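A.B. asks: If you scroll down you'll find the structure; I have some questions about it.
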Amino acid sequence: MRIEGLGVSGLEAALVTDRGSVREVNEDGAVIEAWPDKSAVLLVVADGMGGQFGGGVASQLVVETFRTLLGQPVPATLFERYERLLGCFYKADEAIKRRASEDLGLMSMASTAIAAIISPTECLHLYAGDCRMYHFVDGSTPYVTRDHSVVSVLVETGLVALEEVSDHPMRSVVTSSLGAGRSSRLNVDPKWRDAANEQPAVRSVSPRDVLLFCTDGLSCEVSLDGLTSLVAQHRSDPDALVRACLDAALAKGARDNITVAVVQVTGLSTGASEAVTSPDALDRNIEYRDPTVASAVSQQLVTPIVSDKDAE
């Protein structure tokens, strides 16, 4: 459904979520909400894991944690936005583990997630697990986040073909997640800087660009070519696009919960302000002022935990 009253000039958005054709309950969580000053949008999509009730609890904890950002002004620099968004991943991870420690029935709960701060000029995104972001630009190959999953590794090493992914028995085994026990480790991408000294977490956006975020309930059912075709048909109507994506997943069997969120860039408002890239941030390693983030990042994983979303 279209997000009415978003209020950010230059952006339109829509969101749909469905339990699919197989699952008894919907364990996904999502939010698209503007900051009070209407300068940017917070978007979060979370895919809960851990049984009939645990997954839903985990995904809602993720959404609630990220929504606390809306109580503070939008950070002025991209680096600060990155730091705040990253901090929420680790806070949500701790919130899920703390809640699980209070209820034995929730011990195995976890969630994957993707989150973004979107303005009419850029999208800063971070993710853990296999929730995805697609950035569709006219005349260009779409940008797609790289899943933290076993199958993604198998594809990269040439052991599995892309055509085999949707039916592979390990398609739902993720290598990074929030929660999943005290021994788990969390990996969040993209990093602030890559080997080319660039900022892969930041995507510049222009009018007619489409940002599509989803759980694997969509990406496992509808191919990139299929999504590209749907975007071409409904580029100017986010509500029609999310509904078309849902219908396409349902037509393929919808083996998992499905959540689709779309932000369409309609134009740059004359009052929109672009985030400033802090030179200091580019010239030094990232420093985490939030103690929760600092502690977690110091233990950043080498071999990530594997969580099987089918074992529910």
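The values are calculated or read from the model by the stated rules, or taken from the named source; none is laboratory data. Owing to the predicted nature of the structure, the values given are computational and were not obtained by experimental measurement. As a convention, Cβ positions derive from the backbone with ideal geometry for all residues, glycine included, and neighbour counts pool all protein chains shown. Side chains included, ligands, DNA and RNA excluded: accessible areas come from the protein's heavy atoms. Shrake-Rupley method; radii C 1.70, N 1.55, O 1.52, S 1.80 Å.
A.B. asks: What residue, among those in the range 187-196 that are of a type outside the set (Asp, Glu) and open to solvent by 10 Å² or more (accessible area, probe 1.4 Å), is modelled with the lowest pLDDT? Step through it out loud before you land on a result.
C.D. replies: In the first step, residues of the range 187-196 are kept if they are of a type outside the set (Asp, Glu); the result is 187-188, 190-193, 195-196.
Filter once more, so that each one left must be open to solvent by 10 Å² or more (accessible area, probe 1.4 Å): 187, 190-193, 195-196.
Details: 187: 93, 190: 94, 191: 92, 192: 88, 193: 79, 195: 68, 196: 65.
Among them, the one singled out is 196.
A.B. asks: Still on this structure, I have one more. Scan the range 142-175 for residues that are closer than 27 Å to residue 48 by Cβ, assigned to a loop (DSSP other than H, G, I, E, B) and either open to solvent by 40 Å² or more (accessible area, probe 1.4 Å) or modelled with pLDDT of 75 or more (or both) and jot them down.
C.D. replies: If the condition is that a residue be closer than 27 Å to residue 48 by Cβ, assigned to a loop (DSSP other than H, G, I, E, B) and either open to solvent by 40 Å² or more (accessible area, probe 1.4 Å) or modelled with pLDDT of 75 or more (or both), then 142, 145, 146, 147, 148, 169, 170, 171, 175 are the ones that fit.
A.B. asks: Still on this structure: Could you grab me the full set of residues in the range 64-80 that are closer than 22 Å to residue 261 by Cβ, surrounded by fewer than 20 Cβ atoms within 10 Å (Cβ to Cβ) and of a type in the set (A, V, I, L, M)?
C.D. replies: 70
A.B. asks: Criterion first (within 17 Å of the chain's Cα centre (by Cα) and within 21 Å of residue 212 (Cβ to Cβ)) does residue 43 satisfy it? I'd like the intermediate steps shown before the answer.
C.D. replies: Numbers: within 17 Å of the chain's Cα centre (by Cα): yes; within 21 Å of residue 212 (Cβ to Cβ): yes.
Considered against the rule, which asks whether it is within 17 Å of the chain's Cα centre (by Cα) and within 21 Å of residue 212 (Cβ to Cβ), residue 43 comes out as yes.
A.B. asks: Check whether at least one residue in the range 68-76 is β-branched (Val, Ile, Thr) and closer than 30 Å to residue 250 by Cβ, and report yes or no.
C.D. replies: For the range 68-76, residues β-branched (Val, Ile, Thr) and closer than 30 Å to residue 250 by Cβ: absent.
A.B. asks: So, in the range 3-25, of the ones that are open to solvent by 50 Å² or more (accessible area, probe 1.4 Å) and at pLDDT 95 or above, which residue ends up farthest from residue 120 (Cα to Cα)?
C.D. replies: Result: 17.
A.B. asks: What pairs come up if the first residue lies in the range 71-97 and is touching a residue at least 12 places away in the same chain (Cβ under 8 Å), the second is surrounded by 21 or more Cβ atoms within 10 Å (Cβ to Cβ) and of a type in the set (Phe, Trp, Tyr), and their beta carbons are under 6 Å apart, counting only those six or more places apart or on different chains?
C.D. replies: 88/66
A.B. asks: Taking only the range 90-141 into account, find how many residues are over 30 Å from residue 76 (Cβ atoms), aliphatic (A, V, I, L, M) and surrounded by fewer than 24 Cβ atoms within 10 Å (Cβ to Cβ).
C.D. replies: So the count comes out to 3.
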